[in-house]
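Here, each number is a calculation from the coordinates, and none is a lab measurement. Because the structure is predicted, anything quoted here is derived from the model rather than measured. Backbone-built Cβ (ideal geometry, glycine too); neighbour counts: all protein chains shown.
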Amino acid sequence: MTPHETPRGHDPHQAAVDRANTALQTHTLTEGWRNSPSQTLGRVLADLLHWCDDTQRDFDAALARARRQHAAEAGGGPLQPREAVDGESP
């Protein structure tokens with residue numbers, strides 16, 4: 001099973017929350033918690049922005065795709081087709 005698959009009968013929302021918690025916990029092992037979870041989230045997002053700069057990825061486009069995916073998963077609409085941006089794979 002890949003990290004993005006969920007076991008049968010497992011809530012997809014909870015699986016996404018669990019993956020996010022794991023990613024944040026992994027990040028905090030190297031960086032440590034800031035004063036709050038919000039500061040840690042801000043640090044993770046800033047690190048992702050640096051990664052996007054370094055790898056020439058479009059952070060804003062990726063964030064827009066993530067928002068659409070989140071809305072679809074949360075029942076806010078159909079999941080939009082994945083699209084490549086600037087020649088990158090989604």
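For THR40, THR55, THR28, the sequence from fewest to most other C-beta atoms within 10 Å is THR55, THR28, THR40.
Report the local net charge at ALA66: Lys and Arg +1, Asp and Glu -1, summed over other residues whose C-beta lies under 11 Å from its C-beta. Within the 11 Å Cβ shell, the charges total +1.
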